[in-house]
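Okay, so here's the structure we're looking at.
The values are calculated or read from the model by the stated rules, or taken from the named source; none is laboratory data. Predicted model only: the values in this text are computed from it and were never measured. Every residue, glycine as well, gets a Cβ built from its backbone with ideal geometry; the counts of neighbours run over all protein chains shown.
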Amino acid sequence: MRPRKWAAPRITRLLTIACLLPGLLFAVPLAQDDQLAVKTVADFYGSRAGKRMQGWRELVMRGKQERWNEQKSLAEVNRFFNQLTFLNDVLLWGRDDYWAAPMEFIGAGGGDCEDYSIAKYFSLIELGVPDEKLRMVYVKALTYQQFHMVVAYYPTPAAVPVILDNIDGVIKPATKRKDLVPVFSFNGSHLWLMKERGQGQLAGSSSRLALWNDLRSRFSREQLKRPKINLDD
């Protein structure tokens with residue numbers, strides 16, 4: 001969910017260039033596996049998608065080489081993915097609800113709130129942020145009266161989390177996001193039912209989420225899906 005219509009193709013091309021700027025300014029040699037991933041995305045989605053993929057892999061590689069702290073990783077990952085285009089699943093994938101793997105999100109050049117959150121979550125895990133500090137949180141966005149997904153980062157178990165969001169690109173403590181009401185959250189291990197703005201009650205394994213299971217299965221097999229529209233045209 002996002003409070004505006006999806007961008008026209010010309011705007012999408014400008015966003016694509018913006019996403020690539022970090023890689024162009026600070027080129028980082030890619031590992032063989034990353035080079036293969038870039039080629040796979042370029043072959044499947046097109047050359048512009050390959051450049052977006054290269055920008056992502058360079059960002060992650062640079063973060064590892066420079067040993068970014070967790071706050072730096074949060075800021076860079078949030079900024080990078082928020083430059084992609086918002087588009088709902090029906091128009092992009094031909095389904096009411098489809099959770100794209102990061103390579104699919106980057107390849108397509110856009111997605112919905114779940115896709116932003118998933119890509120940020122897996123990127124932060126790869127950069128070394130512990131899974132227990134991260135949750136993907138379903139919320140109700142009061143301004144738009146719609147359900148929405150964000151990423152929450154807990155510096156300590158009892159701390160107020162900060163929120164990574166594609167609607168409001170500024171990372172803020174959850175207490176500053178009065179427009180969001182948490183419903184439930186999950187990470188790689190657990191599912192929580194939320195209590196107001198607190199930590200929430202442990203409700204079981206995140207395997208209860210069928211879409212999450214399907215995503216992780218596709219992510220491990222590196223399968224790619226072709227979108228219904230091409231934002232790079």
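For Leu36, work out the one condition from (1) over 25 Å from Ala174 (Cβ atoms); (2) modelled with pLDDT of 95 or more it doesn't fulfil.
(2)
Only one of Gly55, Gly63 is touching a Ser or Thr at 6+ places or on another chain (Cβ under 7 Å), outside any loop (DSSP other than H, G, I, E, B) and more than 24 Å from Trp212 (Cα to Cα). Can you tell me which?
Matching residue, one of Gly55, Gly63: Gly63.
Name the single residue that is farthest from Ala75 (Cα to Cα) among those in segment 154-167 being in contact (Cβ under 8 Å) with a residue 60 or more places away in the chain and of a type in the set (A, V, I, L, M, F, W, C).
Ile167
Applying the selection to segment 173-188, what residues are assigned to a loop (DSSP other than H, G, I, E, B) and under 20 Å from Phe122 (Cβ atoms)?
Listed by number, the residues that qualify are Asn187, Gly188.
Name the residue, out of Val129, Val151, Val170, that is under 14 Å from Ala75 (Cα atoms), in a strand (DSSP E or B) and modelled with pLDDT of 95 or more.
Val151
Which of the residues that make up segment 52-67 are surrounded by fewer than 20 Cβ atoms within 10 Å (Cβ to Cβ) and not aliphatic (A, V, I, L, M)?
Listed by number, the residues that qualify are Arg62, Lys64, Gln65, Glu66, Arg67.
Quick one: is Gly204 modelled with pLDDT under 95, small (Gly, Ala, Ser) and in a strand (DSSP E or B)?
In short, yes.
Looking at (1) under 16 Å from the mean Cα position of the chain (by Cα); (2) surrounded by fewer than 22 Cβ atoms within 10 Å (Cβ to Cβ), can you tell me which one Tyr116 breaks?
If we test Tyr116 against (1) under 16 Å from the mean Cα position of the chain (by Cα); (2) surrounded by fewer than 22 Cβ atoms within 10 Å (Cβ to Cβ), just (2) comes out false.
Determine whether Gly128 is on the phi > 0 side of the Ramachandran plot, surrounded by 15 or more Cβ atoms within 10 Å (Cβ to Cβ) and in contact (Cβ under 8 Å) with a residue 60 or more places away in the chain.
So Gly128 fails the test.
Looking at the structure I just gave you, is Ala158 assigned to a loop (DSSP other than H, G, I, E, B), over 12 Å from the mean Cα position of the chain (by Cα) and either surrounded by 24 or more Cβ atoms within 10 Å (Cβ to Cβ) or aliphatic (A, V, I, L, M) (or both)?
It is true that Ala158 is assigned to a loop (DSSP other than H, G, I, E, B), over 12 Å from the mean Cα position of the chain (by Cα) and either surrounded by 24 or more Cβ atoms within 10 Å (Cβ to Cβ) or aliphatic (A, V, I, L, M) (or both).
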